[in-house]
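Heads up: the structure comes next, in structure tokens.
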Amino acid sequence: MENEFTYAAHCAHLNEHKLLGNRDKATGEVFLPARPINPETHSSDMEWVELSGEGVLQAYTIVYIATTAMIEAGYDRKNPYCVGIVKTAEGPMISAFISGVDALHPESIKIGTPMRAHFIDRGEGEARKSFLAFEPVA
């Protein structure tokens, strides 16, 4: 899987608590999650790149009607959670869980807040999966 730029490879890296994207060797453009080709140039000459995990909150929403996995994690209408779009320091934007914010008071969450990536582990043993999250930089 080392040179396969797939979503499965992205998830495998997350399980190792690594935030990796890939870069077009010709243009330097970075993609997250990694993709097999640059959609503009159609180049497949890509390389893995580890991202810093630093970014800025660009948009967010509060989720009251949770998915099954998030219900199992304890979220529901009375305990909503935040999902946002973070623009990474390297350029690409990604949607992720936003922790460390007060979802019951969304007015306290500010666009432009500096963020840092971290990983949330769910499950045990072979069933363990790591998910990307961002939290405000203290």
Where the only charges are on Cβ atoms (+1 Lys, Arg; -1 Asp, Glu), what is the dipole of the range 7-50 about its Cα centre, to the nearest 20 debye?
-> 100 debye
Per-residue HN-Hα couplings for the range 95-111, Karplus 6.51 cos²θ - 1.76 cosθ + 1.60 at θ = phi - 60°, whole Hz, x for Gly and Pro?
-> 8, 7, 5, 10, 9, x, 10, 9, 5, 6, 10, x, 5, 7, 8, 10, 4
Exposed loop trypsin sites (Lys or Arg not before Pro) only (DSSP loop, at most 10 other Cβ atoms within 10 Å): please give the longest stretch of the chain free of them, not including the sites.
-> 1-76
Order of exposure, largest accessible area first, which applies to Y75, Y64 with probe 1.4 Å = Y64, Y75
Lysines with Cα under 19 Å of K110, excluding same-chain neighbours fewer than 8 positions away = K87
Probe 1.4 Å - accessible area at H42, Å² to nearest ten = 130 Å²
Where does the range 7-50 land on Rg(C-alpha)/(2.2 N^0.38 Å)?
-> 1.11
Among the aspartates and glutamates, which fall within straight-line cross-link reach of K25, defined as a Cα-Cα distance under 18 Å, with same-chain neighbours fewer than 8 residues apart omitted?
-> E2, E4, E40, D45, E47, E50, E90
When the accessible area of the range 15-78 is split by element with a 1.4 Å probe, what percent falls to carbon and sulfur?
-> 49 percent
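For the chain, what does the accessible surface come to per residue with a 1.4 Å probe? Please give it in Å².
Details: 8070 Å² over 138 residues.
That works out to 59 Å² for each residue.
Enter the per residue convex hull volume of the range 54-136, computed from alpha-carbon coordinates, in Å³ rounded to the nearest integer. Show your work: numbers first, answer last.
Values: hull volume 7.6 nm³, N = 83.
Expressed per residue, the convex hull around the Cα atoms of the range 54-136 is 91 Å³.
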Taking the Cα centre of the chain as origin, sum charge times position over the Cβ atoms of Lys and Arg (+1) and Asp and Glu (-1), and report the length of that vector in debye to the nearest 20.
-> 420 debye
Per-residue HN-Hα couplings for the range 28-38 [Karplus 6.51, -1.76, 1.60; θ = phi - 60°; Hz; x = Gly/Pro] = x, 5, 9, 10, 8, x, 4, 9, x, 9, 6
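The values are calculated or read from the model by the stated rules, or taken from the named source; none is laboratory data. Nothing here was measured: the structure is a model prediction, and the numbers come from that model. Ideal geometry is used to build each Cβ from the backbone, glycine not excepted, and the neighbour counts take in all protein chains shown. All accessible areas refer to the heavy atoms of the entire protein, side chains included, with ligands and DNA or RNA removed. Shrake-Rupley method; radii C 1.70, N 1.55, O 1.52, S 1.80 Å.
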